[in-house]
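The values are calculated or read from the model by the stated rules, or taken from the named source; none is laboratory data. Fair warning: this is a prediction, and the values are worked out from it, not measured in the lab. FYI the Cβ positions are ideal-geometry reconstructions off the backbone, even for glycines, and counts take in every protein chain you see. Just so you know, the surface numbers come from the protein's heavy atoms only, side chains and all, with ligands and any DNA or RNA stripped out. Shrake-Rupley method; radii C 1.70, N 1.55, O 1.52, S 1.80 Å.
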Amino acid sequence: MTSNAASAAPSGQSAVGEHEQLQALYRTATDEGGGVTLYMGGDAPGFFDFIPQAFRTQFPGIQVNTITDLSKYHDARIDNQLVTDNLVADVAILQTTHDFDRWKAMGQLLRYRPVGWDHVFDNAKDPDGHWASAYYGVFSPIVGIHQVPADPSDFRATDLSQPGPTMTTRCSSSANRSTPTPTTSSCTRTGMAGVCQAVCVG
């Protein structure tokens, strides 16, 4: 995270160039003791264990310490570590995206543009290469089309108490007329009527 190391090569680099660069960083990390600390935003410890597992497969001998907690706690930790000059996190994947622009303005983020950088949506990366999105979702309106009257003026006359079609989407939460039954990747709403607001992922 800190700006003390050299910046990575620009987005125009070849896959071979990136491989050579990663191998150089790998050797440096091994010489320094072979440890990386990842702050991962989330509420389920162990949920992101696949990340360090994949990393260790690619870079054996590097110990990845993954600390999972809510992003609003992680960013406070990082701010405190920056103030006390005792930064622990090497990498941070957080939901509080506004923090990255602030840390960039403070000169605390390294630049890194991997191969394929030009294919990342512009609204999902820093134009100077200081951060990029790992993934993102959207707030999406979900509508039970069979329950919404063709004429919007008839909406108030619609009987919302009658069961509607069952609708399943990949959602993390929902609101309005029905109570979702959440799982790790989906929620099912029955009696869908009118408009239901949902936070959908994937």
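Has segment 32-44 got any residue that is among the hydrophobic types (A, V, I, L, M, F, W, C) and either over 18 Å from W131 (Cβ atoms) or free of Cβ contacts under 8 Å to residues at least 24 places away in the same chain (or both)? First the steps, then the outcome.
Applying the first criterion (among the hydrophobic types (A, V, I, L, M, F, W, C)) to segment 32-44 yields 36, 38, 40, 44.
Narrowing the set further to residues that are either over 18 Å from W131 (Cβ atoms) or free of Cβ contacts under 8 Å to residues at least 24 places away in the same chain (or both) leaves 44.
Yes - at least one qualifying residue is present in segment 32-44.
Please work out which residue is modelled with the highest pLDDT, limiting yourself to segment 118-155 and to residues that are over 26 Å from A105 (Cα atoms) and among the aromatic types (F, W, Y). Reasoning before the result, please.
Step one: filter segment 118-155 for residues over 26 Å from A105 (Cα atoms), giving 138-155.
With the extra rule that they be among the aromatic types (F, W, Y), the set shrinks to 139, 155.
Values: F139: 67, F155: 51.
The residue in question is F139.
Suppose we keep only residues that are in a loop (DSSP other than H, G, I, E, B) and open to solvent by less than 30 Å² (accessible area, probe 1.4 Å) within segment 34-44. Which one would you say is farthest from F100 (Cα to Cα)? Spell out the reasoning first.
Of all residues in segment 34-44, those in a loop (DSSP other than H, G, I, E, B) come to 34, 42-44.
Those left that are additionally open to solvent by less than 30 Å² (accessible area, probe 1.4 Å): 34, 42.
Numbers: G34: 25, G42: 17 Å.
Of everything passing the filter in segment 34-44, G34 is farthest from F100 (Cα to Cα).
So how many residues does segment 17-54 have that are aliphatic (A, V, I, L, M) and more than 17 Å from I67 (Cβ to Cβ)?
5
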